[in-house]
Structures are given as structure tokens and as C-alpha cells.
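This report refers to the structure that appears directly beneath it.
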Amino acid sequence: MDKLKCPSFFNWRRKEKVTASSENFHVGENDENQDRGNWSKKSDYLLSMVGYAVGLGNVWRFPYLTYTNGGGAFLIPYAIMLALAGLPLFFLECSLGQFASLGPVSIWRILPLFQGVGITMVLISIFVTIYYNVIIAYSLYYMFASFQSELPWKNCSYWADANCSRSPIVTHCNVSIKLGEIIQMNKTWVDTNNFTCVNGSEVYQPGQLPSEQYWNKVALQRSSGMDETGVIVWYLALCLLLAWLIVGAALFKGIKSSGKVVYFTAIFPYVVLLILLIRGATLEGASKGISYYIGAQSNFTKLREAEVWKDAATQIFYSLSVAWGGLVALSSYNKFNNNCFSDAIVVCLTNCLTSVFAGFAIFSILGHMAHISGKEVSQVVKSETITTTIQDLFPKVMKKMRVPITLGCCLVLFLLGLVCVTQAGIYWVHLIDHFCAGWGILIAAILEIVGIVWIYGGNRFIEDIEMMIGAKRWIFWLWWRTCWFVITPILLIAILVWSLVKFHRPDYAKIPYPDWAVALGWCMIIFCIIWIPIMATVKIIQAKGNIFQRIVSCCRPASNWGPYLERHRGERYKDMADPKTETDHEIPTVSGSSKPE
């Protein structure tokens, strides 16, 4: 199997849905924030967060990365990254969005110089959403294809070649040419010339499973490489259109409607995972796959490779959805005094336990595949933040035109995704994932924590959090201060530099990418991050004073930074400007916190 060998229908993820959610047409009478609206119930928010964090990344990406990075050995860097990077950043983003009730771009009123970081997050989300829904389309295709009395990939059929087999294939054997003369011949020659193999002389080679050939030859109609684009695979294009229609239908009324959809989308994957685990555990050879997964056959030498640690960090960001902007968007609809700390702990633990649980289900099936194909487990597989941003930038337009704007976003992203359902589509999917879901997220995460903790001030940010959840003893903040100030930023910077130094050209199914494709990958990531220096330059130009004064001004919160509602501002933000207006970069009057820490 290749990287996306056998996707299953339950790989439904709310990343492209909840990151696009924003306020409802009609703000509820009981909503605390009558301008933007709030979640109807706490359970809507928690399930949305679980649905946002838990899904395709746990079921597809985590087992795949575990497999390619040494099996159970990968759990070591994964757990380290969760504790030292994932959880601290998750709590930071949830607190940030809830405090100001703003989306991922407008939230950078906290530090105008870094507003480009929010744009970078949105752009990366757009790129990933494009290919993410392509994977949903694969799942839909397999669901429709399975509505037959016999699964079409169960046995080798008209689309298969000579290498297709559910068991090892005889490639050579000894034959008796003359009396007493025995030589080894190719099996094809033996069959063509009506000879018979000498018993026990057969040489076996693992064949390609029917599911593998069906994936490449039928589902994808995969070409020989990115240089051969081929035609659009029409049934995948229809499945992609259906996926976007489902997303649009779930989102066009905002959080009031998507909050209800999540009761199904967040819970259903667990039902299917349990079914898969029970079924996988009963298959012959399942124990072989589980043994590889939990460490008995792990390759611990992989821990010396920079790519493994980069994959662990980006997988934490991928599955927890940290540094994508979606956590800020979802949390911005919370009531001000919601306990975002307990929410962060619950969602993070649920997400990571789901990843581990999914690994057992997937590796039990891989063990069975290894058993029937005669291979080792390590050889079986080859390898919308968006409308919330529009809402914050153009609130009056979104109130009047939510449906056309939401559906328009879905249409544009569908059209952009068509290149991913051509015969070379799987190469595009892998290319976007390799570049945009890796370094781009690391860069955004580093600048986010550096900007908020080192420039805005970690202690000031803690005071902001305590305005929401109440004052805590110093011991409570000891771990978070240690991670936010030192461990997390240094760890992420080290991984970013190490992975860039150790960069190697991407390939798919051992087919190397051409030079133009690699250059295009770098252009995509540059396009995402170039807005950071561009927006910083724009903000400095717009500020007043000499160059030093302008930079200092842009490193202070805007005068409209703070809690969205006046009754939550207290003494610290009593002179805050109206958050619904655009202002200059003057720092608001904040009692006891007049300087960045």
C-alpha cells in the first residue's frame, strides 16, 4: 500500500468544517455576546473541539507515521512533543480566542507586528483543506464501491496484472531439462513450455495485494508521475463535489448548525474504530502487526533521524490542530468565564488516546496483510478558519451574505482541488502534505509562542487567563511558564533547523518528484509565510514616529485589544477602544501591565 492505500469512510474530519464556522444568522437571546453569538451549550463546544482534533489525522496520518518511523519507537517522540509542545500551545490558543472573542487574523491585535502569522495560519489551512477533502472523496468513493455483494478489491480482477496475488508468487523454480540435468528457470518460461517445477525448488516473491492494485489502477488510475497529469478521474471529482456540498450544508448557518452536526461526526468515528479493532483482532496474523506497533519489533535507531522528530511535532500539530487558527476560531465563541484550562486537558488527552487506539485497529489489519502476503509488517505499506476570518474582517457583509460567501468558499476550494483528482492527483496530495503541513505549521507555532510570551508578555497573558478562570496559585503556572518561556519555543526552533538541514527530496511509491514539483512545493510554503514580513512592514509603515518608535508601537497591543464585552474588562482594560473598530497601535491603559514582559 502507498501512503493513502485504503482509506475508509469514517475518515470524516471536522477540520475543514469547524475552522470555517462562525456566527449564526440569528444570535440567540441567551447569548452573552450579541454581536458574534456563543455556543448553544458547553457540549456543542467540547464535541466540536473533539471533532476538530480527532478524525482523519488520528486514523490515517498517525498510524502511517508510526509505521514509517520505526513502529512503536515513534510513540516516544510523539509523547514528548505532546507534553512539551502540543498541550502548552493548545491551552494558549484556546485561552487566546476565548479572551478576545476574535478569529485567527484579528486576534493579532495583541501584537500587530505579527498579524501576518494569522494570515499564514489561514493560508496553510486553505492548502491543507484542499487536499483533506480529496481524502474525504476517496473515502466516499470506497463507500459507494463497497455497495456490492463482493468487494471489488477482494480478488484480482480484469484490472490486475501478473503480480496481483493474495499470496506469495513463484518467480523461479528448478526443472529437469534432460535426464539428470536440472536448471533454474523463470516461472513464466516454465509454464509457457509446459514444464513442471521440481518439488520444493520454488523461489517465492511477495505479490501485490488486490487492494493495492485496485487503489492504484482503478480508484486513482495513477499515472507514472507528476509529469503525466492525465485526465480528471470523473468519479473522484463527483465524490469531491459531494464532500464539499456536505461541508457547505453543515456550515452555512454557522456554529448553531455545525454544533449540532458534530454530535454525529465526533462520535461516529469511535463506533467505526471499535468495529475495526474487533474485526482486526480476529484476523489471522493480527498479533504480528500489534507486536510491531507496541514496540517488540520497533526500529529504535530511527530516533536518531531529524525527520522522525519533525514528523512527531507536526503530527501533534496536525491532530491537535495547533497553529492552524481553528482553535482560536472555535474558542472565540465561548462565554468569557468558560474554564478553558479543563477543556484543553480533556480534548488533548482524548485526541492522543484516540490516536493510540486507532493504531491498534490499523496495525492489526497490517499484521493480517503481512501474513497473507508473506511479507514483514515493515514491508506491507509503501508509502475553515476561512469564513471566521472573513467574519472578523467584514462583519456586516457576513451577516447579510453568509450563505453565498460560505458556498462560494466551498466552490472555489472544490475547483482548486480538481488537480488532486487527476491521474497524477495522489502526487499533488503528497506534495502539499509534505511541504505545507510540515514547516509552515512549525514556523507559525514558533512565531505564535514567541510573540505572545516573549513580546506581549507571558506573565501578562497569564493575568488575562486568570480574568477568565480565576486566580491560581503560583505552583499551578509553574509548568506552563516553563514550557511557554523556555522549553516549547527552543524545542520547536531546534526541530525546524534540524529538519531543514536534513532535508531530502520527497517521493511517492519510490517515484521521485521532478525538480519543478519540488520548486513548486517550496513556492507554496513561501507563499504562506511571506505574509509575515509583508504585514510587519505594512504595520511599521502605518505607525507614527521614527523607525524605532514605529517598531516599538507595533510590538504593543492595539488600543482595541482586550475582552470583547465591556463588562468583562475590569480595571485592567477599562480604557480599551471599541473592539468592532479598527484603530491605531496605541497600547490600551492596563493597570499594572504597561510594558511587554
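The values are calculated or read from the model by the stated rules, or taken from the named source; none is laboratory data. Owing to the predicted nature of the structure, the values given are computational and were not obtained by experimental measurement. Please note: Cβ atoms are built from the backbone with ideal geometry, for glycine as well, and neighbour counts cover all protein chains shown. When the accessible area is computed, the model is the full protein with side chains, heavy atoms only, and any ligands, DNA or RNA have been set aside. Shrake-Rupley method; radii C 1.70, N 1.55, O 1.52, S 1.80 Å.
List of remarks:
- Residue in region 24-45 that is open to solvent by 10 Å² or more (accessible area, probe 1.4 Å), at pLDDT 80 or above, at negative phi and in a helix (DSSP H, G or I) present: yes
- When region 206-234 is filtered for residues that are in a loop (DSSP other than H, G, I, E, B) and modelled with pLDDT under 90, the ones remaining, listed by number, are 206, 207, 209.
- Within region 403-421, the set of residues being surrounded by fewer than 23 Cβ atoms within 10 Å (Cβ to Cβ) and of a type in the set (Val, Ile, Thr) comprises 403, 405, 412, 419.
- Scan region 458-507 for residues that are more than 25 Å from residue 556 (Cα to Cα) and part of a helix (DSSP H, G or I) and the total you get is 14.
- Remark: residue 230 falls outside the filter, which requires a residue to be out of contact with any Gly (no Cβ under 6 Å at 6 or more places or on another chain) and crowded, with 19+ Cβ neighbours inside 10 Å.
- Test for residue 262: is it at pLDDT below 75 and crowded, with 21+ Cβ neighbours inside 10 Å: yes
- Residue within region 396-410 that is closer than 24 Å to residue 526 by Cα, at pLDDT below 90, assigned to a helix (DSSP H, G or I) and among the aliphatic types (A, V, I, L, M) present: no
- Considered as a group, the residues in region 544-554 that are at negative phi and open to solvent by 30 Å² or more (accessible area, probe 1.4 Å) include one that is farthest from the chain's Cα centre (by Cα), and that residue is 546.
- Residue under evaluation residue 87, criteria (1) assigned to a helix (DSSP H, G or I); (2) under 30 Å from residue 569 (Cα atoms); (3) open to solvent by less than 20 Å² (accessible area, probe 1.4 Å), criterion not met: (3)
- Test for residue 452: is it closer than 27 Å to residue 125 by Cα, modelled with pLDDT of 90 or more and open to solvent by 10 Å² or more (accessible area, probe 1.4 Å): no
- When region 468-486 is filtered for residues that are buried (at least 19 other Cβ atoms within 10 Å of the Cβ) and not aromatic (Phe, Trp, Tyr), the ones remaining, listed by number, are 468, 483.
- From the options 289, 326, 285, residue that is out of contact with any Pro (no Cβ under 6 Å at 6 or more places or on another chain), closer than 26 Å to residue 440 by Cβ and of a type outside the set (S, T, N, Q): 326
- Qualifying residue in region 133-151 (condition: of a type in the set (D, E, K, R), in contact with a helix residue (DSSP H, G or I) (Cβ under 7 Å, 6 or more places away or on another chain) and surrounded by fewer than 19 Cβ atoms within 10 Å (Cβ to Cβ)): no
- Some residue of region 332-339 being modelled with pLDDT of 80 or more and among the basic types (Lys, Arg): yes
- Summed over region 51-84, the residues that are out of contact with any Ser or Thr (no Cβ under 9 Å at 6 or more places or on another chain) and part of a loop (DSSP other than H, G, I, E, B) give a count of 1.
- Test: residue 190 is under 20 Å from residue 162 (Cα atoms) and either buried (at least 16 other Cβ atoms within 10 Å of the Cβ) or at pLDDT 90 or above (or both): yes
- Residue selected from region 152-187 under the condition open to solvent by less than 90 Å² (accessible area, probe 1.4 Å) and among the small types (Gly, Ala, Ser), by the criterion nearest to residue 284 (Cα to Cα): 167
- Qualifying positions in region 75-86 - of a type outside the set (Val, Ile, Thr) and over 16 Å from the mean Cα position of the chain (by Cα): 75, 77, 79, 83, 84
- Residue selected from region 107-130 under the condition over 17 Å from the mean Cα position of the chain (by Cα) and open to solvent by 10 Å² or more (accessible area, probe 1.4 Å), by the criterion farthest from residue 466 (Cα to Cα): 119
- So residue 502, is it at pLDDT below 95, farther than 21 Å from residue 112 by Cα and either open to solvent by less than 80 Å² (accessible area, probe 1.4 Å) or not aromatic (Phe, Trp, Tyr) (or both): yes
- Taken over region 420-435, the criterion of being over 18 Å from residue 123 (Cα atoms), of a type in the set (Val, Ile, Thr) and assigned to a helix (DSSP H, G or I) is satisfied by 421, 426.
- Criterion applied to 361, 370, 323 was being at pLDDT 80 or above, open to solvent by less than 30 Å² (accessible area, probe 1.4 Å) and part of a helix (DSSP H, G or I), and the one residue passing it is 361.
- Some residue of region 162-184 being of a type in the set (D, E, K, R) and assigned to a loop (DSSP other than H, G, I, E, B): yes
- Among (1) assigned to a helix (DSSP H, G or I); (2) touching a Phe, Trp or Tyr at 6+ places or on another chain (Cβ under 7 Å); (3) surrounded by fewer than 21 Cβ atoms within 10 Å (Cβ to Cβ), the one test that residue 445 misses: (3)
- In the set (1) surrounded by fewer than 24 Cβ atoms within 10 Å (Cβ to Cβ); (2) closer than 27 Å to residue 306 by Cβ, residue 62 fails one condition alone, (1).
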